[in-house]
1. Calculate how large, on average over all directions, the projected area of the Cα convex hull of the stretch 123-232 is; give the answer in nm² to one decimal.
2. For the chain, take every pair of Cα atoms, bin their distances at 10 Å starting from 0, and report each bin as a whole percent.
3. Please name which of Val349, Leu338, Gly324 has its Cα lying farthest along the dipole of the stretch 301-382 towards the positive end, using unit charges on Cβ (Lys, Arg +1; Asp, Glu -1) and the Cα centre as origin.
4. Whenever you get a sec, compute what percent of the accessible area on the chain sits on carbon and sulfur atoms (1.4 Å probe).
5. Please report the projected area of the stretch 77-119's Cα convex hull averaged over all directions, in nm².
6. If you wrap the stretch 4-117's Cα atoms in a convex hull and average its projection over all directions, what's the area in nm²?
7. Just reorder His207, His259, His35, His16 by solvent-accessible area, largest first, 1.4 Å probe, all chains present.
8. Can you work out the PRE-style zone for Glu65? Point 7 Å along Cα to Cβ, and I want the residues of the stretch 106-136 with backbone N under 14 Å.
Amino acid sequence: MSSWSLWPWPFFEERHRDLAARVGAWSCPVDGEVHEAELGEACRAIARSLGAGGFLDCVVPREGEKVDVRAVCVAREAISYTSVLADNVIAMQGIGTGALWLHGTPEQKDAYLDPVRRGERIAAFALTEPGAGSDVASITTTARRDGGDYVLDGGKTFISNAPFADHYIVVARTGEAPGARGLTAFIVDAGTPGMVAGDPIHLMAPHPLAPLTFENCRVPAANVIGEPGKGFGIAMATFDIFRTSVGAACVGMARRAMHETLARMRERRLFNATMAEIPGVQTKLADMSIDLDLAALAVYRAAWVKDTTGGRCSREVSIAKFAGTEAAGRIIDAAVQLWGGLGVTRGSVVEQLYREVRPARLYEGASEVQKLVIARNLIAGA
Ligand SMILES: Cc1cc2nc3c(=O)[nH]c(=O)nc-3n(C[C@H](O)[C@H](O)[C@H](O)COP(=O)(O)OP(=O)(O)OC[C@H]3O[C@@H](n4cnc5c(N)ncnc54)[C@H](O)[C@@H]3O)c2cc1C
């Protein structure tokens, strides 16, 4: 397990150590960077393998079980150490079902959760729109009540797992009140007439991403998750759980970069010494190590607070997301520098991590949005 050094920390219980050992021994069925055209197939293979190993249980808790955020973080840290694509799979199985296991009806839970937990069906979460990214309250996709149905019209963008997901949790405007209080969450099955996935969006590192359009897309009122008008709160409750784990995934990527770089520094010779013997290099390694431990502490502190208090802890969560994603950016950049030309050579581990880690500072709330959350909580005295 990549993060063995964390285990003396007081945040963990035996089940977390056990999970860490099991995920650490998991072998990803997909090796190396995946070609964009093969992302759907690769993600399905990874989901089945994670499901067979029981690792999706932590992101899709069973009826009567509370989500164990420390377990989600431990799993994501270990998985992203091995494969950032696999981390996307486990994250989206959770984010694409969170609204259901938090607020779904027994019928909705019965229909959707088991197959996602087994990795047989792929989940997605559609919130962002071309005009509503950071500003979620500006969502313009509408859902109009029509008899026993709702009719969705509008467009989403940057949707992970589109177009191959089996269901999408879609947040649309139902208009009970202005802004954030007029949004509702729906389940929309793949293949529902009127919902179409567009061409893939090409990122700097392969990631399954596409826009979705809704045109006269009819879903039964039974597909509303929670109450109409509560969609914003439902989305934020999902983020309150998963944002911390974005930080954890980034800690996993940074830890991988750190380990790869330490090995390289021990063997690469410069000026009649190994790089590890050069004081300037040692200082850099120390900086990376300090950054990594502080980020991991912030992540597991937030996870522990969430698990032990059960309530909203947005300040700790935002600190964890900010600390994990920003530190990983710095650590992996430092790793690239220490690898020299090899660090920017296509196919080297640190080069791939450099591209893979960057988007994390944008999604699930950009770093600037996390700072707003932290400041607002401070000012409110939370
Ligand atoms: C890899 C990836 C996967 C994604 N997956 C999904 C998904 O599955 N489902 C989904 O719904 N969305 C998804 N998204 C979308 C993501 O959530 C949005 O990109 C994000 O919310 C930012 O929105 P935006 O891109 O519209 O940027 P904008 O909202 O236009 O913001 C641009 C920049 O402005 C700055 N900024 C924003 N607000 C403030 C502020 N208040 N003060 C100061 N500066 C500010 C930030 O630097 C921000 O990056 C994904 C994005 C990426 C990159």
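The values are calculated or read from the model by the stated rules, or taken from the named source; none is laboratory data. Keep in mind it's a predicted model, so treat the numbers as computed, not measured. FYI the Cβ positions are ideal-geometry reconstructions off the backbone, even for glycines, and counts take in every protein chain you see. In case anyone asks, the SASA skips ligands and DNA or RNA and just uses the protein heavy atoms, side chains included. Shrake-Rupley method; radii C 1.70, N 1.55, O 1.52, S 1.80 Å.
1. Numbers: hull surface 25.7 nm².
The directionally averaged projection comes out at 6.4 nm².
2. 5, 24, 33, 24, 10, 3, 1, 0
3. Of the listed residues, the answer is Gly324.
4. 54 percent
5. Spelled out: convex hull of the Cα atoms, projected over all directions, averaged, 3.1 nm².
6. Taking the Cα atoms of the stretch 4-117, their convex hull projects to 7.5 nm² on average.
7. So the residues, ranked largest to smallest area, are His35, His259, His207, His16.
8. What the label zone holds, given the 14 Å backbone N cut-off, is 113-119.
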